[in-house]
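> Got a structure for you, questions after.
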Amino acid sequence: MNPRTRRTAIGMIAGSALLLAGCATAGSGENESESEPQEVSTEITDEEVTLVLAYVDDPPTQALVDGFEEQYPNVTIEPQQTDFGNYITSITRSMSSDDAPDIAQYNPGAMRSLIPAGEVLDLTAYYDAYGWGEAFPQASLDQLMSDDEAMQFATGSLYAAPGALSVLGVFYNKDMLADAGIDSPPQSVAEFEEALAAVDDNGDQPLSVGGLEVGGFQLWNVLLNSTGDTQQYLDWVYGAPDSTIETDAAAQAAQTMADWVDEGYISPSANATADSDALAAFTAGDAAFFVTGNWYASTIEDELGDAGGFFVLPRDNADEPPVASGSSVSYSISSRSEHPDVAAAFLNYMSSPEAGQIAIDTGFMPVDTDAGAAAEGTLGEVAEAFAPVAENDNIVPFPDFAAPGMIDQLTAGIQGIISDQMEPDAFLTSMQDTWTSYHG
């Protein structure tokens, strides 16, 4: 299914659910508890309920838990945090056990086995009962939809709801740009290159890049979002048949990075630089630009104050709204949960104004984009840049979403380009080979 038709698709699914008495839903997985019909209600019990929530990201999870418990004093949520590196293994095992958490932070890698096994609740009936089609940006829900086999995303059923949104963009140091004679953010890749050259000519380092981890391929991703065909990219990441990343735009984005290494805009030490070190270098004033996600906005605002700025690199065609990779801190419900309605109430809480303010305060974007309008400083610039992306459903997934192991190909491939050990075409071929080995 074409991802751009998902709104109609899930609407049809939700409509079908309405025809069932009491909004009953039934899963199709192997898990016995999920296969039984379940009555759905937006009215939650006033009895004492304890839910277990497994998660990675804090913020914003703990703050969201606190906010929900304040609204529902009879509900206690016990958080169980796991570090990112161990989360896929941890949550895959725990969700399949008799002690499965009621709520789990969504992870596409883990879902590739949990959804087919029926361990995660199909939220279609809750989508309709709560009106999530209006409450959440559709593009943020696309990434949380899947077919029954979890082979293709942005189609099929909904398996999570977003709590706070993230987006890739470009942070910049206004003071350093002013010293280089630049008084406004670039409006195209060409203007971005001009700004990099001006900063370089002024004797400063243009870019801070964490090539040791994900910072390198995020820069490539931002360039591709600006110049590439969005639908072609979505098809590839979501696993549409016969999709390819071996496109002219993807090759040009990689070649641009190689050129920036040659020009000195990217430091030769980037491959030994972790993301946190790249952030530290940027906030210390050692580089003018830093491509990363809004999750660093609060830190940058604290460190740079009024000098911190943010923009989403515009599309090459200025008439097109900006496109940005992003995702959400999202939560799924275990099909083994004894309190799915209470767990769904927690997911619905994510669309509330209170949760929106928590997202802003913790450096994320709220699912209600209007909630970010009052933010100021760097956070305000992030909210302003993010609004047209969300309003036009132009949040696209990160490229490592495309297949298991893709993150390794992305990281190693960009490291090869930075070190001049890999050509752009070979980089794309390595990713396509990984994609094909999984999707066929």
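> Within segment 318-346, list the residues whose amide N lies under 15 Å from a label point set 7 Å along Cα→Cβ of Glu194.
318
> Could you tell me what percent of the accessible area of the chain is made up of carbon and sulfur, with a 1.4 Å probe and every protein chain present? Don't skip to the end; give the middle numbers.
Working: 7730 of 17120 Å².
Accessible surface attributable to carbon and sulfur in the chain totals 45 percent.
> Also, quick follow-up: In degrees between 0 and 90, to the nearest 10, how far off the longest principal axis of the chain does helix 6-18 point, with axes built from Cα atoms?
Orientation of helix 6-18: about 10 degrees from the principal axis.
> A further question follows. Tell me which residues come under 5 Å, amide H to amide H, from Arg315 once H is placed; ignore anything under 5 positions away on its chain.
Amide H to amide H, under 5 Å and 5 or more residues apart or across chains, Arg315 pairs with Val323.
> On to the next question. Using helices alone, what [θ] at 222 nm do you get for the chain, with -39,500 (n - 2.57) per DSSP H run of 4 or more residues, divided over all residues and rounded to the nearest 500? All intermediate terms of the calculation are to be shown ahead of the outcome.
Working: 20 runs with 200 residues, N = 440.
It comes out at -13500 deg cm²/dmol, rounded to the nearest 500.
> Something else about it: Of the residues Ser298, Ser184, Ser351, which exhibits the maximal mean-square fluctuation in a Gaussian network model of the chain defined by a 10 Å Cα contact cut-off?
In the Gaussian network model the winner is Ser184.
> Through the Karplus equation 6.51 cos²θ - 1.76 cosθ + 1.60, θ set to phi - 60°, convert the phi angles of segment 331-340 into ³J(HN,Hα) values in whole Hz; use x for Gly and Pro.
9, 10, 10, 5, 5, 8, 4, 8, 10, x
> Shape verdict for segment 125-191, please, from the Cα gyration tensor: rounded (a/c under 1.5), prolate (a/b greater than b/c) or oblate. Numbers along the way, then the final one.
Working: a/c = 4.33, a/b = 2.77, b/c = 1.56.
Since a/c reaches 1.5 and a/b is larger than b/c, the shape of segment 125-191 is classed as prolate.
> For segment 44-50, what does the Karplus curve 6.51 cos²θ - 1.76 cosθ + 1.60, with θ = phi - 60°, yield as ³J(HN,Hα) per residue in whole Hz, taken in order and with x for Gly and Pro?
Here the 3J(HN,Hα) series is 9, 4, 9, 7, 5, 10, 10 Hz.
> Mind checking which of Glu70, Glu391, Glu301 has the largest fluctuation in a GNM of the chain, springs on alpha carbons under 10 Å?
Glu70
> So how tilted is helix 248-263 from the main axis of the chain? Cα-based, degrees 0 to 90, rounded to 10.
Around 50 degrees separate the two axes.
> Quick one: angle between helix 406-418 and the longest Cα principal axis of the chain, in degrees between 0 and 90, rounded to 10, please.
Taking the Cα atoms of the chain, the angle to 406-418 is about 0 degrees.
> Run the dipole for the chain about the Cα centre, Lys and Arg Cβ at +1, Asp and Glu Cβ at -1, nothing else charged, and hand back the magnitude in debye, nearest 20. Don't skip to the answer; put the middle values down first.
Values: 8 positive and 72 negative charges, 162 e Å.
Around 780 debye, computed over the chain.
> Quote to one decimal, in nm, the extra length available between Glu78 and Thr429 on full extension: 0.36 nm per residue of separation minus the C-alpha distance between them.
Values: separation 351, 0.36 × 351 = 126.36 nm, distance 4.46 nm.
Between Glu78 and Thr429, full extension yields an extra 121.9 nm.
> Please give the length that would be gained between Glu376 and Glu70 if that part of the chain were fully extended, namely 0.36 nm times their separation in residues minus their C-alpha to C-alpha distance (nm, one decimal). Intermediate results must be reported in sequence, preceding the final value.
Details: separation 306, 0.36 × 306 = 110.16 nm, distance 2.66 nm.
Extending this stretch completely gives an extra 107.5 nm.
> Quick one: accessible area per residue over the chain, 1.4 Å probe, rounded to a whole number of Å²? Mind showing how you got there, number by number?
Numbers: 17120 Å² over 440 residues.
Each residue of the chain exposes 39 Å² on average to a 1.4 Å probe.
> Between beta-carbons, use under 14 Å as the cut-off and find the net charge around Ala403, counting Lys and Arg +1, Asp and Glu -1.
-4
The values are calculated or read from the model by the stated rules, or taken from the named source; none is laboratory data. Not measured: the values here are computed from a predicted model. Here the Cβ is made from the backbone with ideal geometry for all residues, glycine too, and neighbour counts use every protein chain on show. Just the protein is used for accessible areas: all its heavy atoms, side chains included, with ligands, DNA and RNA removed. Shrake-Rupley method; radii C 1.70, N 1.55, O 1.52, S 1.80 Å.
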